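The values are calculated or read from the model by the stated rules, or taken from the named source; none is laboratory data. From a predicted model like this one, the values you see are computed outputs, not experimental measurements. For neighbour counting, all protein chains shown are included, and Cβ atoms are generated from backbone atoms with ideal geometry for every residue, glycine included.
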Amino acid sequence: VRDLLRTRPFGFALLLSVVLLAANIIAAPSFGNPSNWPQELASFAPLAIVAMASTPSILSGGGGLDLSVGPLAIFCNVVLVHKFFPHGLGSGWAAVPLILLIGAAIGVFNGLLVSVLRYQPVIATLCTFFILIGLNLKFGASPRPAPPGNWTTDLGDKVWFFPGALITILVPAAIWLLLSRTAYHRQLYAVGGNQSTAFSAGVDVAATRIVAYALGGVFAAIAGIALTALVQSSQAASSAQYTLIALAGVALGGTVLGGGRGGLLGSALGAFAIYLMQTFLSAVNVPPTWNSVVYGGMLVAGVVVGARLVALRPLGRRALA
Amino acid sequence: MSAAVATMGRVQRRAPVLQFVALVALFIYGAGTISGFSDSTSIRSMLVLAALLGLAALGQTIVMIVGGLDLSIPGFIVAGAILVSQLCGTHHWAFVPALALIAAIAAAMGAATGWICQRFRIQPLIVTLGVGALASGGCLAWTGGKLTGSAPAFLSTLTSPTGTTFGIDVSPVVAIWALVAIVVGVVLHRTIPGRRLYATGANPRAAQLALVNTRRVWMVVFALSALCSALVGILLAGFSGADQTLGDPYLFQGLTAVIVGGTTIMGARGDYTHTVLGALILTELTTILVGHGYGTADQQIIFGVLILIVVAGYGRDRRLRDTI
């Protein structure tokens with residue numbers, strides 16, 4: 001187990017997910033029933049995809065951290081419900097590319113602020129965070145339900161026999177997998193590992209970073225679609241929550257905040273572990289007032305156990321981490 | 001021209017000149033466009049708001065100097081507010097033992113956070129997120145979700161904008177803030193613990209080899225951060241009353257104050273004087289936006305854009321090709 005954990009940084013999140021999945025099924029046998037999977041996956045999808053969306057910017061290093069992905073996902077949700085559905089953009093074939101384009105544009109904006117205008121990533125994305133929250137409140141001041149039977153309902157339930165939420169989760173994963181066949185993937189890890197070395201080796205650091213933030217934006221837009229599919233209404237008020245939980249998922253999934261190590265799969269698994277923690281708490285009827293105590297305790301205990309498992313790393317590697 | 005720019009750069013590295021210029025410029029703009037902006041009552045209430053924000057951002061500042069990020073601040077603020085209201089209001093404790101208990105709990109949990117992060121080399125982000133949930137959740141669970149008490153009355157006078165400190169015409173919380181800022185400034189730059197803090201932030205391994213006990217530094221830093229947040233929670237309980245979302249604005253606002261001040265997330269740069277200016281700038285900005293009659297949504301948008309403009313003057317990194 002130790003060797004595996006050492007070579008695969010997401011191993012711990014995987015282990016934790018398996019344990020919690022078993023715990024969930026023992027606590028509530030209906031959890032493992034395949035007919036419940038579409039709903040469970042749908043409620044998990046937004047969190048997972050936001051966690052995936054925060055990953056590329058962190059990997060790109062230089063203190064990279066995209067705080068704006070949570071509000072961006074909500075922004076896409078608000079735009080869908082308040083702008084697209086009432087104004088005739090009811091069909092998914094037109095709406096999806098537009099939403100992804102919005103996400104990419106805001107991601108590029110973040111990327112430009114960070115790598116061309118040389119803002120620190122935290123302050124740049126924090127400003128985007130404030131701006132997006134403001135826009136969300138402006139457009140979605142009063143929560144509004146999505147029209148019944150719109151194209152997102154399938155994604156929240158089933159597309160033929162296939163859980164729709166699995167599609168929204170698999171799209172970012174597929175994009176990432178395709179990218180990992182290209183030179184961009186190596187450039188991203190090179191820039192995140194050591195930007196000076198990457199620069200000296202002729203990597204276009206600025207362009208690599210901009211693409212990383214754009215990817216995050218696109219993934220956040222997909223998260224917005226998944227969220228709309230789940231709740232079928234606009235959620236302007238919940239802008240700030242997703243960012244922090246998603247970051248916890250990223251860190252739990254073994255992605256190093258300094259950049260250059262980790263990956264999308266780890267973040268999704270980390271988010272899965274957090275989601276399973278939450279469902280487990282409600283399955284065993286923890287009183288609601290105790291929820292956040294148990295959640296906090298499990299989070300801390302989880303990372304400590306994970307760190308113990310990999311504690312015997314060789315010293316050289318530890319210095320790198 | 002370029003010599004002048006270079007000189008300015010040197011001065012800016014030593015002292016937050018541009019932050020100060022931004023502060024003054026904003027004040028002049030506010031005084032010029034909003035009637036009553038420069039009245040003593042409005043300045044007093046701005047100072048109280050800035051003091052609360054600045055004190056809440058103190059912990060984040062020193063945590064960021066050692067290269068961490070503290071997300072437990074709202075948790076400890078809520079914990080401090082709830083505990084002081086319940087202990088003094090419902091259980092009729094005297095204020096001093098309640099204060100001592102809250103300080104002890106916060107410091108112990110903070111030290112535990114620092115120990116865990118340093119011992120197991122876990123990113124502070126995730127540990128503080130968990131500990132923050134533990135702190136606020138623990139207090140909520142203890143009260144069973146029913147907040148019955150209210151904070152001792154004298155706490156409200158501490159944060160009242162019209163209050164006086166020993167006959168001097170400033171609100172007590174502002175006086176406390178000024179004192180804290182001076183003490184922290186001296187400790188950070190003129191004492192051995194302060195040097196150890198920066199050494200740990202610049203390079204933990206090098207600091208360790210130079211016989212700095214980095215584990216102790218981390219424990220003290222996170223204990224102080226938790227302590228500050230809990231104390232701010234106590235003050236806020238008097239200022240606006242305790243509830244479980246009390247701390248939420250202070251996480252991102254505090255982080256913004258620290259970064260607008262010029263402390264960076266990469267560690268070992270900046271100090272508390274910068275954060276003080278950052279908190280003052282943010283409070284002025286918010287007051288100006290409210291004064292011009294913008295709603296919450298517009299405030300957030302303009303706030304975001306203005307921070308970008310303010311920080312553009314001084315908070316940007318060097319070109320990558322200049323760092324090689």
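Does the stretch A:80-87 contain at least one residue that is away from chain B (no Cβ under 14 Å), buried (at least 24 other Cβ atoms within 10 Å of the Cβ), in contact (Cβ under 8 Å) with a residue 60 or more places away in the chain and in contact with a strand residue (DSSP E or B) (Cβ under 8 Å, 6 or more places away or on another chain)? Yes, that holds for at least one residue. In this entry, B:A94 passes the filter for residues that are among the small types (G, A, S) and over 16 Å from B:L224 (Cβ atoms). Before we move on, is A:V81 at pLDDT 85 or above, among the hydrophobic types (A, V, I, L, M, F, W, C) and over 18 Å from the mean Cα position of the chain (by Cα)? Judged against the criteria, A:V81 is a match. So for the stretch B:252-271 (the condition being more than 12 Å from chain A (Cβ to nearest Cβ), modelled with pLDDT of 85 or more and more than 21 Å from B:P161 (Cα to Cα)), does at least one residue qualify? Yes, because at least one residue in the stretch B:252-271 is more than 12 Å from chain A (Cβ to nearest Cβ), modelled with pLDDT of 85 or more and more than 21 Å from B:P161 (Cα to Cα). Name, by its number, the condition in (1) modelled with pLDDT under 70; (2) more than 29 Å from B:Q208 (Cβ to Cβ) that does not hold for A:V286. With respect to (1) modelled with pLDDT under 70; (2) more than 29 Å from B:Q208 (Cβ to Cβ), A:V286 is out only on (1). Of the residues making up the stretch B:106-120, those that are free of Cβ contacts under 8 Å to residues at least 60 places away in the same chain and buried (at least 19 other Cβ atoms within 10 Å of the Cβ) number 1.
Taking the stretch A:162-271 and the helices (runs of 4 or more DSSP H) fully enclosed by it, the elements with 3 or more residues that are within 12 Å of chain B (Cβ to nearest Cβ) and at pLDDT below 90 are at A:195-200, A:241-252. Take the conditions (1) under 18 Å from B:G247 (Cβ atoms); (2) loosely packed, with under 15 Cβ neighbours inside 10 Å; B:R190 misses just one of them, which is (1). Does B:I301 satisfy the condition of being within 22 Å of the chain's Cα centre (by Cα) and either facing chain A (nearest Cβ under 10 Å) or crowded, with 16+ Cβ neighbours inside 10 Å (or both)? In short, no.
Condition first: of a type in the set (S, T, Y) and in contact (Cβ under 8 Å) with a residue 40 or more places away in the chain. Now tell me which residues in the stretch B:161-178 satisfy that. B:T162, B:S171 - these are the residues of the stretch B:161-178 that are of a type in the set (S, T, Y) and in contact (Cβ under 8 Å) with a residue 40 or more places away in the chain.
Taking into account only those residues within the stretch B:68-103 that are over 29 Å from B:W115 (Cα atoms) and among the aromatic types (F, W, Y), which is surrounded by the most Cβ atoms within 10 Å (Cβ to Cβ)? Among them, the one singled out is B:W93. In the stretch A:92-120, the residues that are within 19 Å of B:V311 (Cβ to Cβ) form Cβ pairs under 7 Å with partners that are among the acidic types (D, E) and crowded, with 17+ Cβ neighbours inside 10 Å, at six or more places apart or across chains, as follows: A:N110/A:D66; A:R118/B:D317; A:Q120/B:D317.
Which of the residues that make up the stretch A:272-313 are more than 13 Å from chain B (Cβ to nearest Cβ), without any contact (Cβ under 8 Å) to a residue 40 or more places away in the chain and either in a helix (DSSP H, G or I) or in contact with a Leu (Cβ under 9 Å, 6 or more places away or on another chain) (or both)?
A:S282
Taken residue by residue, the stretch A:87-105 has at least one member that is within 15 Å of A:S57 (Cβ to Cβ) and among the small types (G, A, S). Of the set (1) farther than 20 Å from A:I222 by Cα; (2) within 12 Å of chain B (Cβ to nearest Cβ); (3) at pLDDT below 90, all apply to A:G140 but (1).
Looking only at helices (runs of 4 or more DSSP H) that lie completely in the stretch B:117-235, which have at least 3 residues being more than 14 Å from every other protein chain (Cβ to nearest Cβ) and either at pLDDT below 90 or under 16 Å from the mean Cα position of the chain (by Cα) (or both)?
In the stretch B:117-235, the matching helices (runs of 4 or more DSSP H) lie at B:153-158, B:172-190.
For the stretch B:63-79, give me each residue that is assigned to a helix (DSSP H, G or I) and either hydrophobic (A, V, I, L, M, F, W, C) or over 15 Å from the mean Cα position of the chain (by Cα) (or both). Across the stretch B:63-79, the qualifying residues are B:V63, B:M64, B:I65, B:I73, B:F76, B:I77, B:V78, B:A79. Please indicate, with yes or no, whether at least one residue in the stretch B:14-23 is assigned to a helix (DSSP H, G or I), modelled with pLDDT of 85 or more and exposed (fewer than 15 other Cβ atoms within 10 Å of the Cβ). There is at least one residue in the stretch B:14-23 that is assigned to a helix (DSSP H, G or I), modelled with pLDDT of 85 or more and exposed (fewer than 15 other Cβ atoms within 10 Å of the Cβ).
Residue count for the stretch A:148-161 under the criterion of being under 15 Å from A:G224 (Cβ atoms) and not in a loop (DSSP other than H, G, I, E, B): the result is 3.
I want to confirm something. Restricting to the stretch A:108-147 and keeping residues that are in contact with an Asp or Glu (Cβ under 8 Å, 6 or more places away or on another chain) and assigned to a helix (DSSP H, G or I), which single residue is surrounded by the fewest Cβ atoms within 10 Å (Cβ to Cβ)?
Taking the candidates together, the pick is A:K138.
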